[in-house]
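The values are calculated or read from the model by the stated rules, or taken from the named source; none is laboratory data. From a predicted model like this one, the values you see are computed outputs, not experimental measurements. Note: ideal-geometry Cβ built from the backbone for every residue, glycine included; neighbour counts use all protein chains shown.
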Amino acid sequence: MTLANLRNRLMGAMPISDGNGKVIVAGMPKSGTTAIASLLAKAANMKVCSDPFHQLDSKGVGFRDALFSGGLSLESLWRQHRRVFAGAVVKDPNFPLFMGELKQFLPNAQFVFIVREPRDNIRSILNRLSIPGNPTDGNSLLNNVTGTWGRVLSGTAPDMPGRDYLEKMAWRWRISAERYLENQEGVHLIRYEDFRVDKQAQIEKLAGELGLDCLKDISPFVDIQFQPKGKKPSSLQDFFGKENLKRIDEIVGPVLKRFGYE
């Protein structure tokens with residue numbers, strides 16, 4: 001057994017805190033989680049931990065297959081790699097899929113769920129990766145997208161249903177939304193569209209709901225581009241095509257009204 005494995009095993013046997021003082025930020029990729037977590041941390045002078053799953057991937061830690069198949073609990077992973085998950089504000093785009101488990105082993109943490117209109121959310125991901133909205137035109141480009149984004153497009157680890165990357169991302173949006181709805185008690189909801197209208201006001205409102213005080217002025221930071229920005233098309237129909245939009249709508253439709261999306 002290597003020294004690193006021994007250390008992780010020892011860490012895994014030690015208890016972790018109950019989440020007191022932590023804010024867990026969950027949401028789909030490209031839904032504003034990075035910006036909201038970063039601005040909230042700046043306002044409240046808190047340390048932010050961004051994308052711990054990606055950090056573990058970068059360290060070569062093999063955990064995804066066991067985690068998403070149920071062979072490894074998120075609590076065990078958190079215990080073993082607590083330094084990676086360290087921070088007062090912890091955000092990850094995989095957290096929506098673990099809302100129930102997170103609330104169980106971090107019962108005194110506070111939770112924030114960020115949602116973005118699904119068609120625009122998927123469009124933003126594809127723009128970020130220079131992948132077209134029509135899979136017929138874009139399947140040949142998938143081999144060029146690896147790592148975290150490759151898994152998002154291919155719907156693997158976590159596995160998603162669907163015939164192609166549009167359907168897989170639509171299902172990921174829907175399942176993430178459903179996990180929130182199943183565990184929404186005590187979870188603070190932010191719509192990305194509302195955040196965009198007045199970022200500072202939304203962060204100050206969220207901080208107030210979380211009971212955070214002594215806030216710093218974040219006005220110099222609200223227009224920082226926390227993620228690379230893609231080129232927005234003239235319309236979603238131009239980007240996806242009518243039939244592809246219809247396919248997305250059929251998947252996400254059952255939960256759209258719960259978030260004020262029609």
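Determine, yes or no, whether L206 is farther than 30 Å from N20 by Cβ, touching a residue at least 60 places away in the same chain (Cβ under 8 Å), in a helix (DSSP H, G or I) and in contact with a helix residue (DSSP H, G or I) (Cβ under 8 Å, 6 or more places away or on another chain). Against the criterion (farther than 30 Å from N20 by Cβ, touching a residue at least 60 places away in the same chain (Cβ under 8 Å), in a helix (DSSP H, G or I) and in contact with a helix residue (DSSP H, G or I) (Cβ under 8 Å, 6 or more places away or on another chain)), L206 does not qualify. Contact map, the range 104-122: first residue touching a residue at least 12 places away in the same chain (Cβ under 8 Å), second residue assigned to a strand (DSSP E or B) and basic (K, R), Cβ cut-off under 6 Å, separation 6 or more or different chains; pairs are V115/R191.
Residues that are under 21 Å from R128 (Cβ atoms) and in contact with a strand residue (DSSP E or B) (Cβ under 8 Å, 6 or more places away or on another chain): does the range 195-209 have at least one? Checked against the condition, which is being under 21 Å from R128 (Cβ atoms) and in contact with a strand residue (DSSP E or B) (Cβ under 8 Å, 6 or more places away or on another chain), the range 195-209 yields at least one hit.
Applying the selection to the range 83-116, what residues are in contact with a Pro (Cβ under 8 Å, 6 or more places away or on another chain), surrounded by 23 or more Cβ atoms within 10 Å (Cβ to Cβ) and of a type in the set (A, V, I, L, M, F, W, C)? The answer is V90, F113.
Of the candidates D57, D51, the single residue that is on the phi > 0 side of the Ramachandran plot and either at pLDDT 95 or above or of a type outside the set (D, E) (or both) is D51. Report yes if D213 is farther than 21 Å from R247 by Cα and either at pLDDT below 95 or surrounded by 16 or more Cβ atoms within 10 Å (Cβ to Cβ) (or both), otherwise no. So D213 fits the description; yes. Scanning the range 130-160 for residues that are under 17 Å from D51 (Cα atoms) and not β-branched (V, I, T) returns G147, W149, G150, R151, A157, P158. When I190, I131 are screened for being in contact with a helix residue (DSSP H, G or I) (Cβ under 9 Å, 6 or more places away or on another chain), under 21 Å from D57 (Cβ atoms), of a type outside the set (K, R) and crowded, with 17+ Cβ neighbours inside 10 Å, only I131 passes. Among the conditions (1) touching a helix residue (DSSP H, G or I) at 6+ places or on another chain (Cβ under 8 Å); (2) under 28 Å from I248 (Cα atoms); (3) hydrophobic (A, V, I, L, M, F, W, C), the only one that I218 does not satisfy is (2). Hey, can you tell me all the residues within the range 146-156 that are surrounded by 18 or more Cβ atoms within 10 Å (Cβ to Cβ) and outside any helix (DSSP H, G or I)? G155, the sole residue that qualifies. Among all residues of the range 22-39, there is at least one that is assigned to a helix (DSSP H, G or I), more than 14 Å from the chain's Cα centre (by Cα) and at pLDDT 95 or above. Restricting attention to the range 20-40, and to residues there that are among the small types (G, A, S) and touching a strand residue (DSSP E or B) at 6+ places or on another chain (Cβ under 8 Å), which single residue is nearest to P220 (Cα to Cα)? In this case the residue turns out to be S38. In the range 216-230 there is no residue that is modelled with pLDDT of 95 or more and either charged (D, E, K, R) or in contact with a Pro (Cβ under 8 Å, 6 or more places away or on another chain) (or both).
Could you please find all residues in the range 47-78 being polar (S, T, N, Q) and either over 27 Å from Q227 (Cα atoms) or surrounded by 16 or more Cβ atoms within 10 Å (Cβ to Cβ) (or both)? S50, Q55, S69, S73, S76 - these are the residues of the range 47-78 that are polar (S, T, N, Q) and either over 27 Å from Q227 (Cα atoms) or surrounded by 16 or more Cβ atoms within 10 Å (Cβ to Cβ) (or both). Taken residue by residue, the range 122-133 has no member that is over 30 Å from S234 (Cα atoms), of a type outside the set (S, T, N, Q) and assigned to a helix (DSSP H, G or I).
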